[in-house]
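The values are calculated or read from the model by the stated rules, or taken from the named source; none is laboratory data. Values in this document were obtained by computation on a predicted structure and should not be read as measured data. Neighbour counts are summed over all protein chains in view; Cβ atoms, including those assigned to glycine, are modelled from backbone coordinates with ideal geometry.
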Amino acid sequence: MRVELAQAPFDPSLRLAEFSAALEDEGAVVSFTGRARGRGADGAAVSSLVLECYRGVTLQSMKAIAADAHGRFAITASIVIHRAGLIAPGEPIVFVATASRHRRAAFEAADYLMDRLKTEAVFWKREEHDGTSTWIEPTALDREDALRWREKVNENAGN
């Protein structure tokens with residue numbers, strides 16, 4: 001399990017190659033890269049995205065989410081990299097990769113990680129426009145996506 005908070009741009013394909021090279025018996029690797037959009041939800045051009053954080057608190061929240069994924073799914077390895085600071089449109093914001101002996105665990109763990117990172121990792125996100133800025137919060141759909149994992153735990157509790 002590797003968790004990083006990056007201030008500088010990173011290359012997801014290079015990080016995936018490094019992650020994969022360290023694996024031995026895993027039959028599945030799933031990865032996701034989230035990129036900064038060039039347009040906001042209102043369609044306005046975004047000049048940059050700013051992700052603010054308290055480094056120690058944010059890193060701890062990310063590590064807790066990754067540890068939860070390892071406890072919940074049969075994954076053998078994972079990497080989570082999240083940017084902070086000033087991010088240009090098109091640059092990677094987040095990279096997640098998971099590995100397991102079989103595909104389902106890797107897919108579900110990557111999905112779980114992203115849903116939890118999106119709603120629970122301690123970041124403050126702001127889109128910069130031409131002379132204005134907009135604070136961005138997780139959407140109702142983001143919260144619904146994260147909630148479904150809690151519902152699955154509750155469903156399994158009675159069995």
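General observations
- Of everything listed in (1) more than 19 Å from Arg103 (Cα to Cα); (2) small (Gly, Ala, Ser); (3) without any contact (Cβ under 8 Å) to a residue 60 or more places away in the chain; (4) crowded, with 18+ Cβ neighbours inside 10 Å, the single unmet condition for Ala69 is (1).
So that you can scan it fast, the table gives a plain yes or no per residue for (1) over 16 Å from the mean Cα position of the chain (by Cα); (2) of a type in the set (Lys, Arg):
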site: Gly38; (1), (2): yes, no
site: Asp42; (1), (2): yes, no
site: Ser48; (1), (2): yes, no
site: Leu51; (1), (2): no, no
site: Met62; (1), (2): no, no
site: Ala67; (1), (2): no, no
site: Arg72; (1), (2): yes, yes
site: Val80; (1), (2): no, no
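- Subset of the range 138-159 [within 19 Å of the chain's Cα centre (by Cα) and either in a helix (DSSP H, G or I) or at pLDDT 80 or above (or both)]: Ala140, Leu141, Asp142, Arg143, Glu144, Asp145, Ala146, Leu147, Arg148, Trp149, Arg150
- Restricting attention to the range 20-51 and to residues that are of a type in the set (D, E, K, R) and surrounded by 13 or more Cβ atoms within 10 Å (Cβ to Cβ), the residue that is nearest to Ala8 (Cα to Cα) turns out to be Arg35.
- Residues within the range 59-87 that are touching a strand residue (DSSP E or B) at 6+ places or on another chain (Cβ under 6 Å) and closer than 24 Å to Ala36 by Cβ, tallied: 13
- Selection from the range 114-127 of residues that are out of contact with any Asp or Glu (no Cβ under 9 Å at 6 or more places or on another chain) and either crowded, with 17+ Cβ neighbours inside 10 Å or under 11 Å from Phe73 (Cβ atoms) (or both): Leu117, Ala121, Glu127
- Among (1) over 12 Å from the mean Cα position of the chain (by Cα); (2) among the polar types (S, T, N, Q); (3) in a helix (DSSP H, G or I) - the single one Thr119 does not satisfy: (1)
- On inspection, Ser13 fails the criterion of being loosely packed, with under 15 Cβ neighbours inside 10 Å and in contact with a strand residue (DSSP E or B) (Cβ under 8 Å, 6 or more places away or on another chain).
- Residue match in the range 118-133 (condition: at positive phi and modelled with pLDDT under 95): yes
- For the range 2-45, a residue qualifies if it is assigned to a strand (DSSP E or B) and among the acidic types (Asp, Glu), and exactly one does: Glu4.
- Close Cβ contacts (under 9 Å, 6 or more residues apart or on different chains) running from residues in the range 46-61 that are part of a strand (DSSP E or B) to residues that are of a type in the set (Phe, Trp, Tyr) comprise Val50/Trp124; Leu51/Phe123; Leu51/Trp124; Glu52/Phe123; Glu52/Trp124.
- One residue from Ala77, Ala64, Ala109 being aliphatic (A, V, I, L, M), over 22 Å from Pro9 (Cα atoms) and surrounded by fewer than 15 Cβ atoms within 10 Å (Cβ to Cβ): Ala64
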